[in-house]
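Below is one structure; the comments refer to it alone.
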Amino acid sequence: MKITTTLATSLLISSLYGQAKIEALETIHNFDTLRQNDPVTHNFKFVNTGNEPLIITKANTSCGCDVSSWPKEPILPGDTAIINYKYDSKRIGPINKSMTVTTNALNNPTLVVRTKGLILPSKE
């Protein structure tokens, strides 16, 4: 009974205070088939569905062949943010990469999005 009361109190207190929440509009992006050295970029969009500013602290990519850039300023409630993802397409073969987004969001402080596709040799 004491655990139930403590849990209920904790939930009530957390609902009274503001919190940032992140929602990804897309969690997997398929580049389909591309050619070697083609530009390979995508903008992942995120929405702050909470009632406090959302802060993205990191957007780590899975290897040195891809990079990301993200907004350093807080994303206000209801606003959309874009994280730009870029893949170096000089390597031939399948793409199956991930990007881990770290935020202050209470619902999902670490969100993983993925990219996939296939790089074919250039037509030279």
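The values are calculated or read from the model by the stated rules, or taken from the named source; none is laboratory data. Because the structure is predicted, anything quoted here is derived from the model rather than measured. For neighbour counting, all protein chains shown are included, and Cβ atoms are generated from backbone atoms with ideal geometry for every residue, glycine included.
Brief remarks on what is shown
- Members of region 39-50 found to be farther than 13 Å from Ile82 by Cβ and surrounded by 13 or more Cβ atoms within 10 Å (Cβ to Cβ), listed by number: Val40, Thr49, Gly50
- One residue stands out in region 51-66 among those that are buried (at least 16 other Cβ atoms within 10 Å of the Cβ) and within 16 Å of the chain's Cα centre (by Cα): the one that is modelled with the lowest pLDDT, namely Asp66.
- Residue count for region 87-101 under the criterion of being surrounded by fewer than 15 Cβ atoms within 10 Å (Cβ to Cβ) and either within 9 Å of the chain's Cα centre (by Cα) or more than 19 Å from Lys123 (Cα to Cα) (or both): the result is 2.
- Extreme residue, farthest from Lys21 (Cα to Cα), among residues of region 103-116 that are touching a Lys or Arg at 6+ places or on another chain (Cβ under 9 Å) and surrounded by 15 or more Cβ atoms within 10 Å (Cβ to Cβ): Thr115
- The set of residues from region 49-90 being out of contact with any Ser or Thr (no Cβ under 9 Å at 6 or more places or on another chain), of a type in the set (D, E, K, R), touching a residue at least 12 places away in the same chain (Cβ under 8 Å) and closer than 16 Å to Lys21 by Cα comprises Glu52, Asp79.
- So Ala81, is it in contact with a strand residue (DSSP E or B) (Cβ under 6 Å, 6 or more places away or on another chain), part of a loop (DSSP other than H, G, I, E, B) and surrounded by 14 or more Cβ atoms within 10 Å (Cβ to Cβ): no
- Search result, residues across region 96-124 that are under 17 Å from Ala24 (Cα atoms) and outside any strand (DSSP E or B): Asn104, Ala105, Leu106, Asn107, Asn108, Pro109
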